[in-house]
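One structure is given here, and the rest of the page talks about it.
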Amino acid sequence: MSREHHRDRIAAVRRQLAQDGPPWTREDADDFTKVTVPEEDCDAIRDLLIGEGVTRVIEVGLAYGRSALAIGEALVSVSAEEPVHVIIDPFQATAWANVGWNLLTSAGLDTIARLILQPSSLALPRLLAEGFTADAAFVDGSHRYHEVFVDLYFLRKIVRPGGLIIMDDYRWPSVQTAARYYETNLGCQVVEGALAGGGTVNPATGHPRMRVLRLPDHPFEPAFDEFKPFWFSQ
Ligand SMILES: C[S@@+](CC[C@H](N)C(=O)[O-])C[C@H]1O[C@@H](n2cnc3c(N)ncnc32)[C@H](O)[C@@H]1O
């Protein structure tokens, strides 16, 4: 399949998902809308990743696969020789009836994606130990403070220096608080306007749904006695 044909196929699966919804949902009739990343944000993720020229992306949280399809579209568009998309979700087969993975397969993205059916807190250290590296990460997993914190702990070592970590659902205090430690203490820079031209905002706060962090070009470990308080208060 040519790259153009593959991109058309992915776009067609994304279009159908946006128009008709997924072939399977959990019991709540609105579940797809509540859980999945909106199409506008998915387009913004795709365009950002294409602009970064990524060839290796790691994603936490598959669910309906909407963000994964957009990331796959970016990887195919960049046209690396061997694009890699690692996706972690312990519940894809059990709670999600493989709906996200089946959509990726129908888009021909199972050829570049690897699904790990484990909690990210176990999968990420294993990937790190294997020597796995990525250009960017997309985090939309458990949303519990301690699990987001642990995700960022390992992603900071897996994503290359200068690479991106995109956080979904930054409106949640649990997510904000975890991210802010890495912003205040570990040199992760917020990339303001990274999703300009796309991406939804939280109507209550006017802030973008997603937060984009760029890892420092020169990673460092701070001295423990230089710790900067990072607690986010609303
Ligand atoms: C908000 S949904 C992801 C939505 C997805 N990005 C989309 O666009 O359809 C969160 C996902 O994180 C998964 N998840 C929950 N706990 C997790 C963990 N500890 N590690 C990895 N994934 C987890 C859930 O099974 C669920 O599929």
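Please compute the net charge surrounding GLU81, taking Lys and Arg as +1 and Asp and Glu as -1 over other residues with Cβ under 15 Å from its Cβ. Cβ neighbours under 15 Å give a net charge of 0. Helix content alone sets the calculated 222 nm mean residue ellipticity of the chain: runs of n ≥ 4 DSSP H residues at -39500 (n - 2.57) each, divided across all residues, give -12500 deg cm²/dmol.
Backbone geometry of the stretch 138-148 corresponds, through the Karplus equation with coefficients 6.51, -1.76 and 1.60 at θ = phi - 60°, to 3J(HN,Hα) couplings of 10, 10, 8, x, 6, 6, 6, 3, 5, 7, 5 Hz, x marking Gly and Pro. For the stretch 167-234, the gyration tensor built on C-alpha atoms gives an oblate shape. Its axis ratio a/c (a ≥ b ≥ c) is at least 1.5, and a/b is not larger than b/c. Largest first, the three principal axis extents of the alpha carbons in the chain are 53, 40, 36 Å in whole numbers. Mind checking the angle between helix 3-20 and the chain's longest principal axis? C-alpha axes, 0 to 90 degrees, to the nearest 10. With both axes taken from Cα atoms, the answer is about 90 degrees. Among beta bridges from DSSP that stay inside the chain, the antiparallel ones total about 30%. Helix 120-130 and the longest principal axis of the C-alpha atoms of the chain enclose an angle of approximately 80°.
If a/c stays under 1.5 just call it rounded; otherwise compare a/b with b/c (prolate if a/b is bigger, oblate if not). Do that for the stretch 25-136, with a ≥ b ≥ c from the square roots of the Cα gyration tensor eigenvalues. Since a/c reaches 1.5 but b/c is at least a/b, the shape of the stretch 25-136 is classed as oblate.
Under 5 Å from the amide H of GLY163 lie the amide H atoms of LEU215, each residue being 5 or more positions distant or on a separate chain, with H modelled from the backbone and absent for Pro and chain starts.
The angle between the Cα long axis of helix 173-185 and the main principal axis of the chain comes to about 50°, on a 0 to 90 degree scale.
Put simply, the amide H of ILE116, placed in the peptide plane, has neighbours under 5 Å in ILE87, ILE88, ASP89, leaving out anything fewer than 5 places away on its chain.
Give the shape of the stretch 1-49 as rounded, prolate or oblate, defined through the alpha-carbon gyration tensor: a ≥ b ≥ c are the square roots of its eigenvalues, a/c under 1.5 means rounded, and otherwise the shape is prolate if a/b is larger than b/c and oblate if not.
Details: a/c = 3.37, a/b = 1.62, b/c = 2.08.
Taking the square roots of the gyration eigenvalues as a ≥ b ≥ c, the stretch 1-49 is oblate.
The GluC sites (Glu not before Pro) of the stretch 1-86 meeting both criteria, a DSSP state outside H, G, I, E and B (loop) and at most 15 other C-beta atoms within 10 angstrom of the site's C-beta, are GLU27, GLU81. If only the Cβ of Lys and Arg carry +1 and only the Cβ of Asp and Glu carry -1, the dipole of the stretch 6-122 around its Cα centre is close to 240 debye.
Values quoted throughout were computed directly from the atomic coordinates according to the rules given, and no laboratory measurement underlies them. Remember, predicted model here, so these are calculated numbers, not experimental data. Positions of Cβ are backbone-derived with ideal geometry, glycine not excepted, and every protein chain shown enters the neighbour counts.
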